[in-house]
Amino acid sequence: MMMTPGNDQWITIHYDGEPYKVPSGRTMVSALETAGVRFVRSIGCRGGVCGACTAFYRTPEDAQLKSALMCQEEVVDGMSIMPMPFFPQNQMSYDLELPKGMTPQRQVMQLYPEVGGCIMCQECTRICPVGIDVMGYVGMIKRGDFKAAAEASFTCVQCQACAARCPARISQPNAALAARRFYGAHMVNRAEHLQKAREKVNTEDMKRGFRRLKRMDAEELKNLYQRRESEPAQSAPGTWLPEDTTLLG
Amino acid sequence: MSERALNHLPEELRESALEVARTREDRIRRIQRGESFPQLSLTDRKAWLEDFHPDYRADGKRALKVGVNKDEGVPVELANLLEAWPRASVRDLVENGRIPEADFETDVLIIGAGGAGVTAAIEAAKSGLDVLITTKLRAGDSNTIMAEGGIQGADQECDSPLQHYLDVLGGGHFSNDPDLAEALCHDGPDALSWLEELGMLFDKYPTGRMKVRHGGGTSRKRLHSSGDMTGLEMMRVLWDQCRNLRNVNVMEFCPIVELLTDDDGRVVGAVMERLNHGNEMKVVKAKSVILATGGLGRLHLQSFPTSNHYGATADGLVLTYRAGLPFRDLQHNQYHPSGIAFPEQKAGLLITEKFRGLGAQLVNRFGDEFVYSLEPRDVTTAAIIRECSEFSHGATTPSGNVGVWLDIPMIDDLHGKGTIEKEFPGRYSEFYRHGIDLTKVPVLVYPTLHYQNGGVRIRVDGATGLPGLYAAGEVSGGVHGKNRLMGNALLELIVFGLRAGRAAAEFASQTGSGGQAGLSHIESYLDDLKAADVEETRTAPMLLPRYGKALAI
Ligand SMILES: Cc1cc2nc3c(=O)[nH]c(=O)nc-3n(C[C@H](O)[C@H](O)[C@H](O)COP(=O)(O)OP(=O)(O)OC[C@H]3O[C@@H](n4cnc5c(N)ncnc54)[C@H](O)[C@@H]3O)c2cc1C
Ligand code: SF4
Ligand code: SF4
Ligand code: FES
């Protein structure tokens, strides 16, 4: 959506080596679009979750190289931005099934042995545009604490900024992704009620139930809908049951 | 409340935000007494919708002049695309009268690498056939990755696919295709289990039991989530699974701009443009094709902002309409009740319904409730527009946008301190970076264009009216009828992605490669366009929206 410039000030920034006059108070994406840039690469969700708009930038006063999701970060006068539409990744192929006797932890360390070589320089944590303690989760993977690693890396948008900065050749987001999947598939308890529900789905009762509902005329169906009992918001999980159980199958 | 927390708000909004804080205690007490704002009767719902929902505005739509759905009213912006000439690359092909040799050949072609496309690829690949995914931007760029709230599925003791079905039909105002709705609900538990096996991290109790919540219009707690980034987690896992498969290839920045058919009317491939190579045209041949191009939010119907990703430009609808496939329910689009109205850089982005699921109320500028917070989405949207237009009870931003407040801080009062941070880690830290503390201040919201309820007609296995062509996900219509309930789109893309993947693979393995690829299906369409006097400068599919104006130095 175009926003009205209102009382924006005009500032100059460099994008991919070229100068643009843009209104202040906008995100990099919206400011550059106002200045005539038409994005094809380096754009996706425009909502801060896909990582497509990852860029590195510097501001005049600061020696520190920073990274940003361009759809999230506001422009600053004099800044210089380099978009990173593509990054050569070290991403291993794997099967989620574990060979006999293999633990998820050992499997992930075999896929990404570099994780063991973290020199704790903290460059990754410093660069992460969504504020993740990357070094922290790398340590957790190395220690085998996958629960902690899954939580700490959960908001990762896989932008690869940290991997670009790592002197120890670690692909942090890819190691974390593998760790989360092995953790989810092998270390978290499965939902038992889900398997029970699956069994229920393929019974004769269920088929008959659907046939009955689909045969009802509109009035009958509306009545049934209006009379639905609603599960109380505060009820403890798996405890409440409706009085009328005919639709439970 | 400390006034400092309100620092980011301009004067106009600060006063009103303080009002909200003042009425909060009272509202919380009412909830704790088990009282809630009365739900609307079906009659009132209908009246509010007709008077205030954007779908019902006469000037928002116009009747189509050409094609299978001729004379049917659809949103003006969409009508302009459905009645448009092919892109230059395709017109060249038409004029040449001959389709060149295929540049790429595959068994199953999948158009779009969002949730539905990738799910279909994983399933189709099981057959051992070659699968090619072509997608407009990067793989995973999609509405799927943006989903926050969760995925439905009837897996609790008090629930069943039948109960789910009843909710889906009621939410859709009983206009759904019953067979599709049945498939959706029936496959719910299987879909959740499939994702669980792929290692997707659901919010769970230590025993493994899923944490579930209510969503708008649900009679059971049935919404499963991964924090407030359910779509991101789902898309990451699906894509990781898919790229580990040897017989799946992907081409990024390669949107499809037209379907190819043979003399029997079977879909046998598609025309592609390479965005990174000056829109160079390429021909793809396939034994079967799955359309998974998602929705239309970036058409900005009636100038509404949108929550959708950059590529949501209705391309799939354009492709199929030209090929003679009928659609349904496209006059019904979902305007999510809670799009951000302030700060304006975030205008249109979503505040998930999960906030309301956990008790956050919608209140007007005086801090008063005006609608039950968990009505179906279209009703809530109508209520907000009513409150802001009919009664002028909205709060106004400096640039003149209006909105109502979503009182987020009350979640911590209801469920204990820390709940907001724990349940919404993504949103909390994102706002925090912008100097806004969601545990202290309400957020101004207004409806945003969110979801295409209707779409291409399909059967329960994803088959369309054209042999060889399947469709799944947001591009299809019928599952939700006129209105979708939260959490059913993520379920739909898994259920129908799997079904379409299976059926398309079966079709591809049982048939030969079909006849000569051609564009005969659009020739008569072009005649109709000419007869209807559609300007030849109007072309579609759009591929990418156009923003901003040239001011480069
Ligand atoms: C912000 C937001 C929050 C949401 N929250 C929820 C929620 O909590 N629960 C829920 O159930 N639903 C939610 N939804 C809805 C849900 O996410 C979508 O309906 C669903 O993900 C659509 O999936 P899809 O695979 O059909 O389309 P998409 O995921 O949008 O994928 C479509 C793909 O097709 C590609 N494409 C488009 N045109 C072409 C072309 N011409 N050629 C090639 N490729 C093309 C796109 O680039 C994209 O990769 C939300 C949606 C949004 C936007
Ligand atoms: S952890 Fe690395 S890949 Fe993930 S968001 Fe942070 S910088 Fe990007
Ligand atoms: S950048 Fe690499 S070496 Fe440095 S702390 Fe991060 S993971 Fe370790
Ligand atoms: S465009 Fe997706 S994170 Fe910016």
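Can you find a residue that is among the polar types (S, T, N, Q) and out of contact with any helix residue (DSSP H, G or I) (no Cβ under 8 Å at 6 or more places or on another chain) anywhere in region B:185-195?
Applying the first criterion (among the polar types (S, T, N, Q)) to region B:185-195 yields B:193.
In the following step, the residues that additionally are out of contact with any helix residue (DSSP H, G or I) (no Cβ under 8 Å at 6 or more places or on another chain) were identified as none.
No.
Kindly indicate which of A:Gly116, A:Gly78, A:Gly101 is part of a loop (DSSP other than H, G, I, E, B) and closer than 28 Å to B:Gln241 by Cβ.
Numbers: A:Gly116 fails: part of a loop (DSSP other than H, G, I, E, B); A:Gly78 fails: closer than 28 Å to B:Gln241 by Cβ.
On inspection, the qualifying residue turns out to be A:Gly101.
Since A:Gly36 meets every condition but one in (1) part of a loop (DSSP other than H, G, I, E, B); (2) touching a residue at least 60 places away in the same chain (Cβ under 8 Å); (3) more than 22 Å from B:Glu252 (Cβ to Cβ), which condition does it not meet?
Here A:Gly36 clears every test but (2).
Would you pick out the residues in region B:128-155 that are within 7 Å of another protein chain (Cβ to nearest Cβ) and either hydroxyl-bearing (Ser, Thr, Tyr) or crowded, with 24+ Cβ neighbours inside 10 Å (or both)?
In the first step, residues of region B:128-155 are kept if they are within 7 Å of another protein chain (Cβ to nearest Cβ); the result is B:137-138, B:140-141, B:145-146, B:154-155.
Residues satisfying the conditions are B:Leu137, B:Gly140, B:Asp141, B:Ile145, B:Met146, B:Ala154, B:Asp155.
Can you tell me which of B:Asp177, B:Asp159, B:Asp190, B:Asp167 is modelled with pLDDT of 95 or more, more than 7 Å from chain A (Cβ to nearest Cβ) and surrounded by fewer than 24 Cβ atoms within 10 Å (Cβ to Cβ)? Break it down into steps so the answer makes sense when it comes.
On the way: B:Asp159 fails: surrounded by fewer than 24 Cβ atoms within 10 Å (Cβ to Cβ); B:Asp190 fails: more than 7 Å from chain A (Cβ to nearest Cβ); B:Asp167 fails: surrounded by fewer than 24 Cβ atoms within 10 Å (Cβ to Cβ).
It is B:Asp177.
Looking for whichever is in contact (Cβ under 8 Å) with a residue 40 or more places away in the chain, of a type in the set (A, V, I, L, M, F, W, C) and closer than 26 Å to B:Tyr428 by Cβ here; the options are B:Ala360, B:Ala383. Which one fits? Full working, then the answer.
Numbers: B:Ala383 fails: closer than 26 Å to B:Tyr428 by Cβ.
The match here is B:Ala360.
Tell me the residue from A:Cys156, A:Cys162 that is within 16 Å of ligand 4 (Cβ to nearest atom), among the hydrophobic types (A, V, I, L, M, F, W, C), under 17 Å from the mean Cα position of the chain (by Cα) and away from chain B (no Cβ under 13 Å), please.
Details: A:Cys156 fails: away from chain B (no Cβ under 13 Å).
The conditions single out A:Cys162.
Restricting region A:37-96 to residues that are of a type in the set (Lys, Arg) and surrounded by 15 or more Cβ atoms within 10 Å (Cβ to Cβ), which is farthest from ligand 3 (Cβ to nearest atom)? Show your work before the answer.
Our first condition is that a residue be of a type in the set (Lys, Arg); within region A:37-96, this holds for A:38, A:41, A:46, A:58, A:66.
Next, only the ones that are surrounded by 15 or more Cβ atoms within 10 Å (Cβ to Cβ) stay: A:41, A:46, A:58, A:66.
Numbers: A:Arg41: 26, A:Arg46: 28, A:Arg58: 19, A:Lys66: 15 Å.
Per the criteria, the residue is A:Arg46.
Is one or more of the residues making up region B:231-238 of a type in the set (Val, Ile, Thr), more than 10 Å from chain A (Cβ to nearest Cβ) and under 21 Å from the mean Cα position of the chain (by Cα)?
Kept after step one, since they are of a type in the set (Val, Ile, Thr), are these residues of region B:231-238: B:237.
Now restrict to residues that are more than 10 Å from chain A (Cβ to nearest Cβ): none.
No: region B:231-238 contains no residue that is of a type in the set (Val, Ile, Thr), more than 10 Å from chain A (Cβ to nearest Cβ) and under 21 Å from the mean Cα position of the chain (by Cα).
Would you mind finding the one in B:Gly216, B:Gly140, B:Gly172, B:Gly149 that is under 17 Å from the mean Cα position of the chain (by Cα), closer than 30 Å to B:Phe327 by Cβ, within 16 Å of ligand 2 (Cβ to nearest atom) and not aliphatic (A, V, I, L, M)?
Going through B:Gly216, B:Gly140, B:Gly172, B:Gly149 in turn, just one is under 17 Å from the mean Cα position of the chain (by Cα), closer than 30 Å to B:Phe327 by Cβ, within 16 Å of ligand 2 (Cβ to nearest atom) and not aliphatic (A, V, I, L, M): B:Gly140.
Does region A:143-175 hold any residues that are more than 7 Å from ligand 2 (Cβ to nearest atom), under 17 Å from A:Asn90 (Cβ atoms) and assigned to a helix (DSSP H, G or I), and which are they? Before you say what the answer is, go through the steps one by one.
Our first condition is that a residue be more than 7 Å from ligand 2 (Cβ to nearest atom); within region A:143-175, this holds for A:143-152, A:154-155, A:164-171, A:174-175.
Next, from what is left, pick out any that are under 17 Å from A:Asn90 (Cβ atoms): A:164-171, A:174-175.
A:Ala164, A:Arg165, A:Asn174, A:Ala175, listed by residue number.
Considering (1) without any contact (Cβ under 8 Å) to a residue 40 or more places away in the chain; (2) among the small types (Gly, Ala, Ser); (3) within 19 Å of B:Pro54 (Cβ to Cβ), say which one B:Gly297 fails and leave the rest.
The single condition B:Gly297 does not satisfy is (1).
When you scan region A:130-144, do you find a residue that is within 15 Å of ligand 4 (Cβ to nearest atom), closer than 20 Å to A:Arg41 by Cα and touching a residue at least 40 places away in the same chain (Cβ under 8 Å), even just one? Spell out how you get there, then give the answer.
Going residue by residue through region A:130-144, those that are within 15 Å of ligand 4 (Cβ to nearest atom) are A:130-132.
When the remaining residues are screened for being closer than 20 Å to A:Arg41 by Cα, the result is none.
No, the conditions are met nowhere in region A:130-144.
Is it the case that some residue within region B:45-67 is assigned to a loop (DSSP other than H, G, I, E, B) and closer than 30 Å to A:Tyr225 by Cα? Give the steps one after another, and end with the answer.
Of all residues in region B:45-67, those assigned to a loop (DSSP other than H, G, I, E, B) come to B:53, B:57, B:64-67.
Then drop every residue that is not closer than 30 Å to A:Tyr225 by Cα, which leaves B:53, B:57.
Yes.
Going through region B:226-255 one residue at a time, which ones are in a strand (DSSP E or B) and more than 30 Å from B:Gly149 (Cα to Cα)?
Of region B:226-255, the ones in a strand (DSSP E or B) are B:248-251.
The answer is B:Asn249, and nothing else.
Return the residues of region B:226-272 that are among the acidic types (Asp, Glu) and either out of contact with any Lys or Arg (no Cβ under 7 Å at 6 or more places or on another chain) or within 23 Å of B:Gly514 (Cα to Cα) (or both); say none if nothing qualifies.
From region B:226-272, those among the acidic types (Asp, Glu) are B:228, B:233, B:240, B:252, B:258, B:262-264; that's our starting set.
The answer is B:Glu233, B:Glu258, B:Asp262, B:Asp263, B:Asp264.
If I ask for residues that are without any contact (Cβ under 8 Å) to a residue 40 or more places away in the chain, under 20 Å from A:Lys66 (Cα atoms) and either under 14 Å from the mean Cα position of the chain (by Cα) or more than 10 Å from ligand 3 (Cβ to nearest atom) (or both), which ones from region A:114-129 would you list? Spell out the reasoning first.
First, pick out the residues of region A:114-129 that are without any contact (Cβ under 8 Å) to a residue 40 or more places away in the chain: A:116, A:120, A:122, A:125.
If we keep only those that are under 20 Å from A:Lys66 (Cα atoms) too, we end up with A:120, A:122, A:125.
None - no residue of region A:114-129 is without any contact (Cβ under 8 Å) to a residue 40 or more places away in the chain, under 20 Å from A:Lys66 (Cα atoms) and either under 14 Å from the mean Cα position of the chain (by Cα) or more than 10 Å from ligand 3 (Cβ to nearest atom) (or both), so the list stays empty.
Pick out the one residue from B:Ala463, B:Ala472, B:Ala489, B:Ala508 that is touching a residue at least 60 places away in the same chain (Cβ under 8 Å) and out of contact with any Asp or Glu (no Cβ under 7 Å at 6 or more places or on another chain). Outline the logic, then answer.
Numbers: B:Ala463 fails: touching a residue at least 60 places away in the same chain (Cβ under 8 Å); B:Ala489 fails: out of contact with any Asp or Glu (no Cβ under 7 Å at 6 or more places or on another chain); B:Ala508 fails: out of contact with any Asp or Glu (no Cβ under 7 Å at 6 or more places or on another chain).
Within the list B:Ala463, B:Ala472, B:Ala489, B:Ala508, the selection yields B:Ala472.
Residue-wise test of (1) more than 14 Å from chain A (Cβ to nearest Cβ); (2) hydrophobic (A, V, I, L, M, F, W, C); (3) away from ligand 3 (no atom under 16 Å from the Cβ).
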| site | (1), (2), (3) |
| --- | --- |
| B:Ile290 | yes, yes, yes |
| B:Gly294 | no, no, yes |
| B:Arg298 | no, no, yes |
| B:Phe327 | yes, yes, yes |
| B:Gln334 | yes, no, yes |
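Could you check region A:16-27 and list, in sequence order, the residues that are part of a strand (DSSP E or B) and surrounded by fewer than 24 Cβ atoms within 10 Å (Cβ to Cβ)? Show your work before the answer.
Step one: filter region A:16-27 for residues part of a strand (DSSP E or B), giving A:18-23, A:27.
A:Glu18, A:Pro19, A:Tyr20, A:Lys21, A:Pro23, A:Thr27, listed by residue number.
Which of (1) closer than 20 Å to B:Pro305 by Cα; (2) away from ligand 2 (no atom under 15 Å from the Cβ); (3) assigned to a loop (DSSP other than H, G, I, E, B); (4) not hydrophobic (A, V, I, L, M, F, W, C) is the odd one out, the single condition A:Ser30 does not satisfy?
It fails just one condition, (3).
Do you know which of the residues in region A:55-72 that are away from ligand 1 (no atom under 16 Å from the Cβ) and touching a helix residue (DSSP H, G or I) at 6+ places or on another chain (Cβ under 6 Å) is farthest from B:Cys254 (Cα to Cα)? If you could, list the steps in order and put the result at the bottom.
Taking region A:55-72 first, the residues away from ligand 1 (no atom under 16 Å from the Cβ) are A:55-68, A:70.
Pick out the ones that are also touching a helix residue (DSSP H, G or I) at 6+ places or on another chain (Cβ under 6 Å) and you get A:67, A:70.
Values: A:Ser67: 28, A:Met70: 23 Å.
My answer is A:Ser67.
Please verify whether region B:525-542 includes one or more residues that are crowded, with 24+ Cβ neighbours inside 10 Å and part of a loop (DSSP other than H, G, I, E, B).
First, the residues of region B:525-542 that are crowded, with 24+ Cβ neighbours inside 10 Å: B:541.
If we keep only those that are part of a loop (DSSP other than H, G, I, E, B) too, we end up with B:541.
Scanning region B:525-542 turns up at least one residue that is crowded, with 24+ Cβ neighbours inside 10 Å and part of a loop (DSSP other than H, G, I, E, B).
Which residue, of B:Val441, B:Val456, B:Val445, is β-branched (Val, Ile, Thr), over 26 Å from B:Val212 (Cβ atoms) and assigned to a strand (DSSP E or B)?
Working: B:Val441 fails: assigned to a strand (DSSP E or B); B:Val445 fails: over 26 Å from B:Val212 (Cβ atoms).
Step by step, each of B:Val441, B:Val456, B:Val445 is checked, and only B:Val456 is β-branched (Val, Ile, Thr), over 26 Å from B:Val212 (Cβ atoms) and assigned to a strand (DSSP E or B).
Within region A:46-68, work out how many residues are facing chain B (nearest Cβ under 10 Å) and either more than 16 Å from ligand 2 (Cβ to nearest atom) or modelled with pLDDT of 95 or more (or both).
The first filter runs over region A:46-68 and keeps only residues facing chain B (nearest Cβ under 10 Å), leaving A:46-53.
From what's left, either more than 16 Å from ligand 2 (Cβ to nearest atom) or modelled with pLDDT of 95 or more (or both): A:46, A:50-53.
Residues in region A:46-68 being facing chain B (nearest Cβ under 10 Å) and either more than 16 Å from ligand 2 (Cβ to nearest atom) or modelled with pLDDT of 95 or more (or both): 5 in total.
Which helices (runs of 4 or more DSSP H) does region B:299-404 wholly contain that include 2 or more residues that are under 17 Å from B:Arg57 (Cβ atoms) and within 16 Å of ligand 4 (Cβ to nearest atom)? Steps first, please.
Working: elements: B:315-322, B:354-357, B:377-389.
It comes to none.
Name the residue, out of A:Cys166, A:Cys162, that is surrounded by fewer than 24 Cβ atoms within 10 Å (Cβ to Cβ) and either free of Cβ contacts under 8 Å to residues at least 60 places away in the same chain or touching a helix residue (DSSP H, G or I) at 6+ places or on another chain (Cβ under 6 Å) (or both). Reasoning before the result, please.
Details: A:Cys162 fails: surrounded by fewer than 24 Cβ atoms within 10 Å (Cβ to Cβ).
Residue meeting the stated conditions: A:Cys166.
The values are calculated or read from the model by the stated rules, or taken from the named source; none is laboratory data. Predicted model only: the values in this text are computed from it and were never measured. Ideal geometry is used to build each Cβ from the backbone, glycine not excepted, and the neighbour counts take in all protein chains shown.
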